Amino acid sequence: MKREGAERRRPGTLKLIPVHMGLIRPGTDPSEAIRLGIKNNGLKLRDGDIIAVASKLISTAEGRLIRLSEVNPSRRAYDMGTLYTMDPKLVEVVIREADQILGGLPEALLTLKNGILTANAGVDVSNTPPGYASLWPRDPEGSAEEIRQKLSDKADLAVIIVDSRVTPLRLGTIGLALATSGMPPTLDLRGSPDIYGKPLHHTWHGVADDLASAAHYLMGEADERIPTVIVRGANIGNPKLNSDSPKLPLGRCLYMSIIHNNSNLS
């Protein structure tokens, strides 16, 4: 029997529209900066558009910047900095931000932050002013909802807050949907037929992460200055189909359950 959540989207032609913007400064209203960026690029929003927003735009606007010269590293930070060839001041910020530090390799720590497996708990020194480190937004879900509400006066929209991530045993960064508003982060395809008519038993489609990766391709990682991308034509469907968080508990994650069961992690 087909599950209620197995209703499928009807994708059309997907279009990605870059929104070039200037530097964001602390205290900026993210919604107004995005609105102005869209206007300055000669663009207009349409019903069904998804606005992909770089998490660093939100973090910078919120003033989530740490001056590293003012950080006093703990003994643990010094020890980990020596072990992993990292600035102890940066390590100290990671320690404060991480929910759990799982290990590391030269110049990076593997951490859990808000239920997400990520490098350095989201602490980053790229695309930040010299001498500073940026943190993840305080409330990514709240930021996504606020942006959607403020910009939906012109069209029926959804929002994805985009960060970057790495995939086990793969080189390179791809996009991560840190938060969404106005769309389901995943589609439950259990009970849907595959191309041979066999029912799917375990498949969930991570549509928000897919679209975050598509937008991340345009945003880039260097000096592109494209912190916002309009995703058009995704046709995700009714957000009420599945509004559950895409985050999995440790015991249900393929990677983490195996790592946990073969280590002394607590």
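Residue-wise HN-Hα couplings along region 196-207, as the Karplus relation 6.51 cos²θ - 1.76 cosθ + 1.60 with θ = phi - 60° gives them from phi, are 9, x, 7, x, 6, 10, 10, 7, 10, 8, x, 5 Hz; Gly and Pro carry x. With only Lys, Arg, Asp and Glu charged, each at its Cβ (+1 for the first two, -1 for the last two), find how big the charge dipole of region 39-126 is about the Cα centre; round to the nearest 20 debye. Using Cβ point charges on Lys, Arg, Asp and Glu, region 39-126 gives about 240 debye. Of the trypsin sites (Lys or Arg not before Pro) found in region 58-95, no site is in coil according to DSSP while having at most 10 other Cβ atoms within 10 Å of its Cβ. Partners of K247 within straight-line reach, counting lysines whose Cα lies under 16 Å from its Cα and excluding those fewer than 8 residues away in the same chain: K113.
Bridgeable aspartates and glutamates around K154 (alpha carbons under 14 Å apart, same-chain partners fewer than 8 residues away excluded): E32, D47, D49.
What the Cβ-Cβ distance of S257 and E107 gives, at R0 = 22 Å and to the nearest 0.05, is a FRET efficiency of 0.20. All alpha carbon pair distances within region 188-228 were sorted into 10 Å bins beginning at 0; the resulting P(r) in whole percents reads 27, 28, 22, 17, 6. Cross-link reach is defined here as a Cα-Cα straight distance under 16 Å, omitting same-chain residues fewer than 8 places apart; for K198 the lysines meeting it are K2. With a ≥ b ≥ c taken as the square roots of the eigenvalues of the C-alpha gyration tensor of region 52-202, please select rounded if a/c is under 1.5 and otherwise prolate if a/b is larger than b/c or oblate if it is not? Here region 52-202 falls in the oblate category. When the square roots of the Cα gyration tensor eigenvalues are ordered a ≥ b ≥ c, the ratio a/c for region 65-135 is 1.5 or more and a/b does not exceed b/c, which makes its shape oblate.
Think of the chain as a dipole: +1 on every Lys or Arg Cβ, -1 on every Asp or Glu Cβ, centred on the Cα centre; then among I259, N72, I161, I161 lies furthest on the positive end.
Please work out whether region 130-224 counts as rounded, prolate or oblate from its C-alpha gyration tensor, where a ≥ b ≥ c are the square roots of the eigenvalues and a/c under 1.5 means rounded, while otherwise a/b larger than b/c means prolate and anything else oblate? Oblate, because a/c is 1.5 or more while a/b does not exceed b/c. With a Cα-only, solvent-free Debye model of the chain, what are the log10 I(q)/I(0) values at q = 0.11, 0.12, 0.13 Å⁻¹? For the chain at q = 0.11, 0.12, 0.13 Å⁻¹, log10 I(q)/I(0) is -0.67, -0.79, -0.91.
For the chain, adding -39500 (n - 2.57) for each run of n ≥ 4 DSSP H residues and dividing by the number of residues yields -8000 deg cm²/dmol at 222 nm.
Quick note: the coordinates plus some simple rules give every number you see, no bench work behind them. All values reported here derive from a predicted model rather than from experimental measurement. So basically every Cβ, Gly included, is an ideal-geometry build from the backbone, and we count neighbours across all protein chains shown.
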